[in-house]
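Below: the structure, in structure tokens.
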Amino acid sequence: MAQRRGHLKVFIGMAAGVGKTYRMLQEGQAEVEAGRDVVVGYLETHGRMDTLTQSEGLEIVPRRRVGYRDTEIEEMDLPAVLARAPELCLIDELAHTNAPGVEHEKRYEDVRDVLAAGIDVFSTVNVQHLESLNDQVTQLTGVRVRETIPDAVLSAADEAVLVDVTPEALIGRLRAGKVYPPERIQAALGNFFKIENLAALRETALRQVAEGVELERRVRGAPGGRREDRLLTSAAPQAISERLLALVTPSPKSQRVVRRAWRSAQRLGAALDVLVVRPPGATASTEEREQLEALRRLASVLGAQLLIEEGDDVADVAIRVAQGRNTTYVLMGTPKPRNAWRRLTQPALPFRLLRGLPGVDLRIVADRTLRTAAGEAVESDEL
Amino acid sequence: MNALAVVLLVVGVAVGFGAALLLERERRTRALRRREGVRRIAFPFTAEGLSEPALVAALRLARAEDATLMPVYLALVPLRLDVDVPLPREADTALSLLEAIEQRAARAHVPVDTRIERGRTVRHALRQLIQHERFERMVVAAGAGGAGEGEGFTPEDVAWLLAHVPAELIALRPVRAALQTAVRASAEPAPAQPSDA
């Protein structure tokens, strides 16, 4: 029988000193009290007394010493942890790079082995260590973090817990000497620990965890999830979240459809996807390329997602995309007039969408300038 | 009677043929003008600097030249944010202004292709615009110079545009600034004229 994979819980924070390790230890103590076999695989207290006190009473697997360039470095003893085989292992600093000569280059790889052995793991990481956020964090703070972990490591975590404090509170802790020793405080305040840096990092951390929750919800909603999860989510996505899809072509008129769709999305508090369907293998003309680029930039400013899909049949592609993305609302421009033969042989695009997407609203976005032009005298004289 | 009918028919055919020829010539002239002349007129502006006289001038030019007007909203992104970050509040303002321009352009029968460009500063956003878009002419409103002294670009930005825009640039002086200059000129004592005596 295959061994059960361990359960990974990651405590994520915006910066050092928010209390990730403390919280991990606190939960570890609670697990001990609940009767579980818990050990500390690796703990980095950074000399913080509160953290040290919190670890009291927990069994700690001794570190091993690894020789590297005439010095000895202490690392987590992976073989000893695996041999000890506890129910739960607390392993601090998930993004740490190991000294050469041990089993793996990175600590998250050690954690994978521990999980594969059926041991649950609690670990900690700062948001700036996530690979995909590294550039963004560098831009926000001016500090590049060298130790990174692939986003997949956090995505694979069963739980991500955000350990949050306000930037002001963190700076207060730093000044009080609770984060770094006194000689490092001024340097930290002058570099990384600025209110604006911390505020931006805090927002990034909050977003990261929120996105993780959204992803989890979608994965659970997918076929094959546990029955109770399916029951829980079968009605929830439709009831709670709206998702809009704007179906456009690469032309200036499409910007109007996107704008109207975005306004609707804002009112509904919904996400917006913009879909362009192109004939398979067709080479885009210069104008088409320019319009696609303009759409891409508009979508980026609006926070919408531009999807460019290939397909012979616009309706089929739109239905497939809308189903795949849990769309609740489709918006499109006024369809082009069709010739008599097409009218006889195939229903119009809106009817096909309505039929292919039951339960999804469809809105045809009219050109309001036509109403103005028809309803009012042409005011070209005002120019 | 028959002769009259034949004459009328011939005249009718001739008139119809002539009209068709004229329409075709007009269509070709327009197509040629579109192909060879000005096709797109960029009209960049910021939320604080949308000048109505400049917009009217841009629309007039676009109509006269059968060109498409490209109003470009310049969205300024604070340094603490990533330059590619979505800007919902700014976008809300931008879309309202762009829609208003679009309505106005529709009344003047001018086709419009709107844009939003982001940048750290006005000049950075203008540079992005020059990099991303193709246009043959640009119309801008020149501000009076000081802060809050007019709806348009600063003299430094206009000078920068003159040096960097790979197209014809039309910088329109604000009415208020022009009036102030005229008032100042009239208030200054006239230079002494050489006397005949």
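The values are calculated or read from the model by the stated rules, or taken from the named source; none is laboratory data. Small disclaimer: the values here were computed from a predicted structure and weren't measured. Here the Cβ is made from the backbone with ideal geometry for all residues, glycine too, and neighbour counts use every protein chain on show.
For B:R89, all conditions in the list (1) farther than 21 Å from A:R263 by Cα; (2) of a type in the set (K, R); (3) within 13 Å of chain A (Cβ to nearest Cβ) hold save one; what is the number of the exception?
With respect to (1) farther than 21 Å from A:R263 by Cα; (2) of a type in the set (K, R); (3) within 13 Å of chain A (Cβ to nearest Cβ), B:R89 is out only on (1).
Yes/no per residue for (1) surrounded by fewer than 17 Cβ atoms within 10 Å (Cβ to Cβ); (2) within 14 Å of another protein chain (Cβ to nearest Cβ); (3) within 21 Å of the chain's Cα centre (by Cα):
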site	(1), (2), (3)
A:A284	yes, no, no
A:E288	yes, yes, no
A:Q291	no, yes, no
A:R296	yes, yes, yes
A:V301	no, yes, yes
A:D316	yes, no, no
A:M332	no, no, no
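Looking at segment A:1-24, which of its residues are touching a strand residue (DSSP E or B) at 6+ places or on another chain (Cβ under 7 Å) and over 22 Å from A:A156 (Cβ atoms)?
A:A15, A:A16, A:V18, A:G19
Specify which of the listed residues (B:V83, B:V72) is surrounded by 22 or more Cβ atoms within 10 Å (Cβ to Cβ) and either more than 8 Å from chain A (Cβ to nearest Cβ) or aliphatic (A, V, I, L, M) (or both).
On the way: B:V83 fails: surrounded by 22 or more Cβ atoms within 10 Å (Cβ to Cβ).
After applying the criteria, what remains is B:V72.
When you look at B:L50, is it more than 10 Å from every other protein chain (Cβ to nearest Cβ) and closer than 15 Å to B:V140 by Cβ, yes or no? Break it down into steps so the answer makes sense when it comes.
Numbers: more than 10 Å from every other protein chain (Cβ to nearest Cβ): yes; closer than 15 Å to B:V140 by Cβ: yes.
It is true that B:L50 is more than 10 Å from every other protein chain (Cβ to nearest Cβ) and closer than 15 Å to B:V140 by Cβ.
Of A:G41, A:G17, A:G67, which residue is buried (at least 21 other Cβ atoms within 10 Å of the Cβ), assigned to a strand (DSSP E or B) and either outside the structural domain of A:L174 (by TED's automatic domain parsing) or not aromatic (F, W, Y) (or both)? Give the derivation first.
Working: A:G17 fails: assigned to a strand (DSSP E or B); A:G67 fails: buried (at least 21 other Cβ atoms within 10 Å of the Cβ).
Result: A:G41 is the single residue among A:G41, A:G17, A:G67 that is buried (at least 21 other Cβ atoms within 10 Å of the Cβ), assigned to a strand (DSSP E or B) and either outside the structural domain of A:L174 (by TED's automatic domain parsing) or not aromatic (F, W, Y) (or both).
How many residues are more than 7 Å from chain A (Cβ to nearest Cβ) and buried (at least 18 other Cβ atoms within 10 Å of the Cβ) when one looks only at segment B:100-111?
4
For A:T141, are the conditions met, namely being at pLDDT below 75 and under 29 Å from B:R120 (Cα atoms)?
Numbers: at pLDDT below 75: yes; under 29 Å from B:R120 (Cα atoms): yes.
Yes; evaluated as a whole, the condition is true for this residue.
Would you pick out the residues in segment A:77-131 that are assigned to a strand (DSSP E or B) and hydroxyl-bearing (S, T, Y)?
To start, the set of residues in segment A:77-131 that are assigned to a strand (DSSP E or B) comprises A:88-91, A:97, A:106, A:120-126, A:130.
Those that are assigned to a strand (DSSP E or B) and hydroxyl-bearing (S, T, Y): A:T97, A:S123, A:T124.
One residue is enough: does segment B:61-68 have a residue meeting the conditions facing chain A (nearest Cβ under 10 Å), assigned to a loop (DSSP other than H, G, I, E, B), more than 20 Å from B:A171 (Cβ to Cβ) and in contact (Cβ under 8 Å) with a residue 12 or more places away in the chain?
Checked segment B:61-68: no residue is facing chain A (nearest Cβ under 10 Å), assigned to a loop (DSSP other than H, G, I, E, B), more than 20 Å from B:A171 (Cβ to Cβ) and in contact (Cβ under 8 Å) with a residue 12 or more places away in the chain.
Select from segment A:260-282 the residues that are free of Cβ contacts under 8 Å to residues at least 40 places away in the same chain and within 14 Å of chain B (Cβ to nearest Cβ) and list them in ascending order. Spell out how you get there, then give the answer.
Taking segment A:260-282 as the starting set, the residues that turn out to be free of Cβ contacts under 8 Å to residues at least 40 places away in the same chain are A:263, A:265-267, A:269, A:271-272, A:274, A:276, A:278-282.
Passing the criteria: A:R263, A:A265, A:Q266, A:R267, A:G269, A:A271, A:L272, A:V274.
Taking the condition on the phi > 0 side of the Ramachandran plot and either buried (at least 16 other Cβ atoms within 10 Å of the Cβ) or not assigned by TED's automatic domain parsing to the domain that holds A:V360 (or both), does A:G269 pass? Break it down into steps so the answer makes sense when it comes.
Details: on the phi > 0 side of the Ramachandran plot: yes; either buried (at least 16 other Cβ atoms within 10 Å of the Cβ) or not assigned by TED's automatic domain parsing to the domain that holds A:V360 (or both): no.
So A:G269 does not fit the description; no.
Only one of (1) modelled with pLDDT of 90 or more; (2) within 14 Å of chain B (Cβ to nearest Cβ) fails for A:I308. Which number is that?
It is condition (2) that A:I308 fails.
Take B:I101 and decide whether it is among the aliphatic types (A, V, I, L, M), more than 26 Å from A:D367 (Cβ to Cβ) and not in a strand (DSSP E or B). Break it down stepwise before answering.
Working: among the aliphatic types (A, V, I, L, M): yes; more than 26 Å from A:D367 (Cβ to Cβ): no; not in a strand (DSSP E or B): yes.
Considered against the rule, which asks whether it is among the aliphatic types (A, V, I, L, M), more than 26 Å from A:D367 (Cβ to Cβ) and not in a strand (DSSP E or B), B:I101 comes out as no.
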